[in-house]
Structure formats: C-alpha cells, structure tokens
1. When you scan the range 176-189, how many residues do you find that are touching a residue at least 40 places away in the same chain (Cβ under 8 Å) and not in a strand (DSSP E or B)?
2. So which of 85, 93 ends up being surrounded by 22 or more Cβ atoms within 10 Å (Cβ to Cβ), outside any loop (DSSP other than H, G, I, E, B) and within 16 Å of the ligand (Cβ to nearest atom)?
3. Are there any pairs with C-beta distances below 7 angstrom linking a residue in the range 135-147 that is more than 16 Å from residue 166 (Cβ to Cβ) to a residue that is assigned to a loop (DSSP other than H, G, I, E, B) and more than 8 Å from the ligand (Cβ to nearest atom), with the two at least 6 apart or on different chains, and if so which?
4. Cβ-Cβ below 6 Å, separation at least six or inter-chain, first residue in the range 62-77 and within 19 Å of residue 36 (Cβ to Cβ), second exposed (fewer than 14 other Cβ atoms within 10 Å of the Cβ): which pairs?
5. Return a yes/no flag: does the range 13-35 have any residue that is assigned to a helix (DSSP H, G or I), in contact with a strand residue (DSSP E or B) (Cβ under 6 Å, 6 or more places away or on another chain) and either buried (at least 18 other Cβ atoms within 10 Å of the Cβ) or modelled with pLDDT of 95 or more (or both).
6. Within the range 109-136, track down each residue that is under 15 Å from the mean Cα position of the chain (by Cα) and over 26 Å from residue 177 (Cβ atoms).
7. Can you pull out every residue in the range 109-139 that is loosely packed, with under 15 Cβ neighbours inside 10 Å and within 13 Å of the ligand (Cβ to nearest atom)?
8. When the range 140-175 is examined, which residues are found to be within 11 Å of the ligand (Cβ to nearest atom) and either assigned to a loop (DSSP other than H, G, I, E, B) or farther than 23 Å from residue 94 by Cβ (or both)?
Ligand SMILES: *[C@@H]1O[C@H](CO)[C@@H](O)[C@H](O)[C@H]1NC(C)=O
C-alpha cells in the first residue's frame with residue numbers, strides 16, 4: 001500500500017470515528033414531553049374529540065385533558081391514522097418512544113405496534129412520505145403492553161427527517177390512543193456529510209456505520 005493510500009485511509013478512519021462518536025451522543029428527547037415541540041408542530045389525521053384527546057394530549061408522561069391522542073377510527077392494518085410531528089428542520093432521530101392512555105387510571109387504550117412515516121424537504125408534501133424500515137427490513141415497531149408503561153425503541157439505522165408520523169397498526173380492530181417522544185439530535189449536515197448516501201432510501205448513517213466497521217477491520221488486517 002502506498003503512502004498516499006495509507007494517509008487517505010487514516011483520514012477516513014478519523015472522519016468515521018468522529019461520526020460514530022457524535023451519533024452515540026445523539027439521544028436527547030426532542031421535546032414532546034418538555035414542550036419544546038410546540039402544539040402548533042403537532043397535527044393528527046383525526047381524533048375522537050379534538051378538545052379532549054387531540055394532538056395536544058399526545059405528549060409522553062403528561063396527563064393533559066383526556067390523557068393521550070385517540071384517533072376516531074378503530075385501528076387495523078388498513079386504517080391510516082397518524083400523529084404528525086413537524087420538527088421544523090432535518091433532524092437525526094435515533095429512537096421513538098410511545099405510551100398509551102392512562103387517563104388517571106381510567107384509560108385502557110394503547111398501540112401494540114406502529115410504523116414511522118417520514119418526510120424531508122424537497123419531497124412531495126402529500127405523496128412523498130416514506131415508511132421507515134430498520135436494518136432487518138421491518139417496518140412495525142413494538143409499541144406498548146399496557147396503558148401506563150412507556151416503550152422506547154432504538155432506530156437502527158437512525159432516521160433523518162423533518163417531519164415524522166407515528167402510525168398505529170393492529171392485525172385486529174382495536175381502539176388505540178397514544179403519547180409519544182422522539183430522541184435524537186440536530187442534523188448539521190457536516191458530521192455525516194462525507195458518507196452521506198444519495199440513494200433513494202439511504203439514511204446515510206447506516207453507510208457511516210458500515211464505513212466505521214470497514215475501516216476498522218481494514219486497519220487491523222493491513223497493519
Ligand atoms: C427491527 O424491527 C423488528 C420488529 O420490530 C425487531 O424485532 C428487530 O429487533 C429490529 N431490528 C433492529 C436491528 O433494530
């Protein structure tokens with residue numbers, strides 16, 4: 001291996017490592033619980049009652065009015081109801097967390113499973129939404145098992161999106177309510193830039209992770 005290639009490899013490793021580091025620290029609650037995400041950034045496809053169980057009640061670990069967002073229809077795999085969170089800018093999302101409707105003990109609704117749909121600037125506002133798929137190819141994320149325990153699911157690969165929809169799913173018709181939080185960090189466009197995938201699906205970050213592994217093993221084998 002010539003000197004130039006070695007230098008290039010070292011440089012790539014450095015870049016790859018700093019990417020991995022910044023991703024490890026990318027786990028801040030994005031503001032559903034704290035209110036940093038404002039009510040005006042939340043929309044829902046429908047609700048059983050906007051006043052009681054509308055978007056404003058969808059904040060995790062809070063008991064606001066009815067205690068969660070509850071869509072009008074019973075949820076099946078065909079029904080498309082969603083809670084939409086507009087993050088205002090492209091954001092790295094590394095985990096999603098849901099909770100059912102506790103409603104001070106009266107609630108008994110939760111989502112057993114849900115999907116994440118996401119949107120980025122430049123995509124069609126109506127038809128451009130895509131469904132998140134994890135590294136194993138699954139779209140359904142595990143939701144809740146009761147009305148009170150929150151369940152947090154890491155996203156591998158992380159998701160880059162400006163808007164996210166939580167879409168409850170159920171194989172049998174089921175009344176669902178949910179509260180949510182998203183975790184991640186601001187996307188600056190530089191820390192992952194070098195390995196940013198341009199593919200239709202590519203989140204870029206998965207490429208970054210593969211890059212780290214590849215460069216690490218290359219180093220071990222060639223040194
Ligand atoms: C992908 O999603 C499935 C279904 O939710 C889950 O069982 C699996 O562990 C996930 N894989 C990863 C790598 O997160």
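1. Qualifying residue count, the range 176-189: 4.
2. Exactly one residue qualifies, and that residue is 93.
3. Pairs found: 146/100; 146/110; 147/100; 147/102; 147/107; 147/108; 147/110.
4. Note: no pairs meet the criteria.
5. no
6. 120, 135
7. Once the filter is applied, which keeps residues that are loosely packed, with under 15 Cβ neighbours inside 10 Å and within 13 Å of the ligand (Cβ to nearest atom), the range 109-139 yields 131, 135, 136, 137, 138.
8. Matches in the range 140-175: 140, 143.
The values are calculated or read from the model by the stated rules, or taken from the named source; none is laboratory data. As the structure is a prediction and not an experimental result, all values here were calculated from the model. Neighbour counts run over all protein chains shown; Cβ positions are idealised from the backbone, glycine included.
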